[in-house]
1. When you scan the range B:249-266, do you find a residue that is modelled with pLDDT under 95 and part of a loop (DSSP other than H, G, I, E, B), even just one?
2. Every residue in the range B:7-32 that is in a helix (DSSP H, G or I) and over 20 Å from B:Arg86 (Cβ atoms), please.
3. Restricting attention to the range A:308-323, does a residue exist that is among the charged types (D, E, K, R), modelled with pLDDT under 95 and part of a helix (DSSP H, G or I)?
4. Please state which one of A:Ala277, A:Ala294, A:Ala287 is farther than 21 Å from B:Thr251 by Cβ, among the small types (Gly, Ala, Ser) and surrounded by 23 or more Cβ atoms within 10 Å (Cβ to Cβ).
5. Scan A:Ala134, A:Ala140 and give me the residue that is buried (at least 23 other Cβ atoms within 10 Å of the Cβ) and within 23 Å of A:Leu165 (Cβ to Cβ).
6. Would a scan of the range A:252-261 turn up a residue that is more than 17 Å from the chain's Cα centre (by Cα) and either within 14 Å of chain B (Cβ to nearest Cβ) or not aromatic (Phe, Trp, Tyr) (or both)?
7. Quick check on this structure: which one of A:Val298, A:Val232 is hydrophobic (A, V, I, L, M, F, W, C), more than 11 Å from chain B (Cβ to nearest Cβ) and out of contact with any Ser or Thr (no Cβ under 7 Å at 6 or more places or on another chain)?
8. In the range B:147-186, which residues are surrounded by fewer than 17 Cβ atoms within 10 Å (Cβ to Cβ) and not in a loop (DSSP other than H, G, I, E, B)?
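The values are calculated or read from the model by the stated rules, or taken from the named source; none is laboratory data. For clarity, every value in this text was computed on a predicted model and none was experimentally measured. All Cβ positions, glycine included, derive from the backbone under ideal geometry; neighbour counts span all protein chains shown.
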Amino acid sequence: MGEGATALRGQLRTMVGEHIPADFLGAFTEDPADLEIAQRFCGLLADRGLLCLAWPEEFGGRSASVWEQTVVREEMWAHHEPRGGQYMGINWVGPAIMRHGTPEQQRRHLPPITRGEVIWCQGFSEPDAGSDLASLRTAARPVEADVQPDGEGGTARQAGDGGWLVSGQKIWTSYATMAQWCFLLARTSRGARKQQGLTIFLVPMSRAGIEVRPIRCMIGPHHLNEVFLDEVRVGPADVLGTVDDGWKVVQEVLAFERVGIARYARCERLLQAAPSALGDRWDDLPAELRGRWAGMLVHCRRARLLAYRVLALQSQGRVSPVDTAAYRIAVTKLDQDSAEVLMEMAGLARLAGAGGRRFSRAVQDHWRYAQASTVASGSIEMQRILLARALLAAS
Amino acid sequence: MNIELSREATEYGRQARRALEAAGGDRLVQLAEEEPERREKVVAPVLAGLGAWELNPCGDAGELEAAAALCRSAGYWALPYPVAERLSRPAGLDADGLLVVAAPAPSAPVADLDLRWVAVTVSGERSRAVTLPQTSPPRHSAFVAELELSPVDGDGAADAALGLVLPCWTLLGMLDRAIDLTRAHVTVRTQFGQPLAAFQGVQFQLTDAEVERSGVEMLARYALWSLLASPADALADALALRLAALEAAQTVFRVAHQLHGATGFCDETFLSWLSRYSQPLRRLPLGLSATREQLGRQLGRRGLTGLFSEAR
């Protein structure tokens with residue numbers, strides 16, 4: 001990984017140790033103080049130039065290497081993502097705006113992301129469009145020429161372009177209750193293929209016609225929401241990229257997330273913490289469970305090495321669908337398998353003092369979150385389809 | 001950490017695979033089963049021609065990688081010869097090869113070979129080993145012979161690590177082949193008017209197998225690096241690799257058999273041979289449960305070296 005990456009890891013651990021409480025389980029809990037902790041931490045990262053490390057220098061980043069970016073992903077996820085909802089803006093909204101945004105959009109949106117001041121949500125999934133995203137129904141209907149868009153986003157209206165009225169429903173929208181902006185995908189026309197005629201809009205969540213309804217769920221508050229759009233006005237200045245060509249942007253967005261969350265890092269941190277959290281109780285565990293614990297540590301290493309292979313190829317400008325899909329399948333299964341092993345230890349850990357109880361709460365949080373890992377960010381079935389396609393094409 | 005194999009080692013492995021194919025390929029194990037005494041005569045010269053016995057895996061990273069690549073190629077053809085065991089021969093003891101063994105019934109797939117063996121346990125106890133006469137034909141024994149041991153010393157911890165890692169590379173070659181065979185089969189075999197590969201249930205099984213195989217490949221490279229760069233961790237890393245390799249073998253061979261259907265049990269299909277001759281590697285010196293238990297003992301409370309092994 002190099003000395004720079006190692007030093008960065010040390011710096012991040014020091015910052016986490018100094019500014020994140022030991023019992024922090026993420027920004028999105030019942031306790032609003034956790035969100036404040038995350039917001040403060042983002043500010044600290046931004047002050048030290050660590051929040052948008054991967055971004056090019058011209059947009060306020062440090063052009064960090066693939067390996068430095070990996071260290072950030074590992075350390076943040078391992079410590080329950082103290083960047084809160086910021087990672088979405090940092091990881092893919094910002095990069096998408098850099099590539100496809102107008103200078104005005106870049107001026108407006110990128111600086112607040114680099115300062116950690118804004119939360120974005122992703123308006124992609126719909127009740128009938130999950131893995132089959134291109135089947136979405138949210139429609140942007142062109143507005144008659146005499147109807148003015150409301151001007152949000154500094155609209156500079158062109159002759160003959162009256163903007164659109166967007167209506168539809170989004171679902172599973174993380175952070176929609178607190179987000180200031182939405183990266184919204186809607187249908188602007190019908191093409192020969194369903195991937196055609198889709199457009200990305202950058203829409204403020206405060207705009208008239210947007211209603212957010214939280215969905216109570218086992219993962220915790222703020223994670224899942226419904227977003228209803230009722231004739232929400234959007235103008236040409238809200239369009240990211242080209243009208244009707246949004247699918248290209250979506251594919252790029254998904255490519256930014258190619259390696260995705262470094263789930264193996266949290267799994268390993270919790271597994272490695274188990275013996276000291278259990279103290280003398282460790283020896284009371286069944287030998288078979290300790291064997292499974294050892295096996296899960298092997299699976300953590302396996303997932304990490306699979307990720308590193310994808311990253312090594314990426315750093316050479318190469319993309320391997322087989323390796324990428326294999327990694328994502330391995331890491332999401334690891335998340336769930338390790339959660340089962342840890343949950344078997346959590347009961348005993350509760351008897352092992354304050355540290356044990358803290359460990360037990362972290363394990364329960366991990367188990368709840370892990371249930372979604374084979375569904376979120378592209379289901380495991382989609383990864384299997386991609387892997388099978390690549391494998392069979394190679395034969 | 002280095003998880004890339006050198007270009008030279010990769011190329012050496014490729015050449016070895018071609019040379020073994022030219023020497024008989026799939027037929028080699030079939031010939032050996034018919035006439036066990038011929039395997040030394042048929043296989044050993046090909047390996048000598050590849051410079052196998054000049055390799056010094058103990059001392060040089062490049063030669064260690066070449067040895068691993070050779071083992072992988074041998075596994076691809078289910079080569080009926082203890083290549084990994086011979087390449088693991090310990091320095092300082094006059095022997096042709098090394099066998100990792102476990103009580104109470106030390107044994108290894110080295111029957112009918114006139115070679116001098118040193119045996120080592122996972123805890124590093126070394127012995128001279130002599131094969132006992134065979135009581136069953138190779139079709140049932142897969143060349144596994146019981147061993148009679150005469151203790152030498154307790155200095156074999158490093159030997160044990162190498163002796164565990166290289167056979168995992170052989171097993172990796174077998175997994176490569178099992179997936180190649182299965183992929184080819186589901187592409188050509190037609191049912192209900194379409195290739196088996198068109199069925200999602202078939203595709204998903206194949207992906208499960210490939211995820212396991214590719215994971216073993218990464219851990220195998222890591223364990224190789226660890227042997228020379230991180231000797232204190234080498235034994236734990238070798239056991240970690242073995243555990244993953246045994247788990248993967250279970251999945252890969254199960255999927256391969258299932259997707260081949262009845263034809264996979266027939267000797268005219270190479271899967272039948274590959275599957276049977278993978279057994280000694282998967283059961284000796286320690287099977288899946290015993291390997292997991294041994295790894296757990298080895299790690300204790302320390303865990304496996306990784307991102308958070310120092311932060312406990």
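1. Yes; the residues of the range B:249-266 include at least one that is modelled with pLDDT under 95 and part of a loop (DSSP other than H, G, I, E, B).
2. Quick first cut of the range B:7-32, residues in a helix (DSSP H, G or I) only: B:7-22, B:27-32.
Residues satisfying the conditions are B:Arg7, B:Glu8, B:Thr10, B:Glu11, B:Arg14, B:Arg18, B:Glu21, B:Ala22, B:Arg27, B:Gln30.
3. Of the range A:308-323, the ones among the charged types (D, E, K, R) are A:309, A:318, A:323.
When the remaining residues are screened for being modelled with pLDDT under 95, the result is A:309, A:318, A:323.
Subset that is part of a helix (DSSP H, G or I): A:309, A:323.
Within the range A:308-323 (the criterion being among the charged types (D, E, K, R), modelled with pLDDT under 95 and part of a helix (DSSP H, G or I)), the answer is yes, since at least one residue qualifies.
4. Working: A:Ala294 fails: farther than 21 Å from B:Thr251 by Cβ; A:Ala287 fails: surrounded by 23 or more Cβ atoms within 10 Å (Cβ to Cβ).
Being farther than 21 Å from B:Thr251 by Cβ, among the small types (Gly, Ala, Ser) and surrounded by 23 or more Cβ atoms within 10 Å (Cβ to Cβ) holds for just one of A:Ala277, A:Ala294, A:Ala287, which is A:Ala277.
5. Working: A:Ala134 fails: buried (at least 23 other Cβ atoms within 10 Å of the Cβ).
After ruling out the rest, the residue left standing is A:Ala140.
6. The first filter runs over the range A:252-261 and keeps only residues more than 17 Å from the chain's Cα centre (by Cα), leaving none.
No, the range A:252-261 contains no residue that is more than 17 Å from the chain's Cα centre (by Cα) and either within 14 Å of chain B (Cβ to nearest Cβ) or not aromatic (Phe, Trp, Tyr) (or both).
7. Working: A:Val298 fails: more than 11 Å from chain B (Cβ to nearest Cβ).
The conditions single out A:Val232.
8. From the range B:147-186, those surrounded by fewer than 17 Cβ atoms within 10 Å (Cβ to Cβ) are B:148, B:150-151, B:153-155, B:180, B:184; that's our starting set.
Matches in the range B:147-186: B:Glu148, B:Ser150, B:Pro151, B:Asp153, B:Asp180, B:Ala184.
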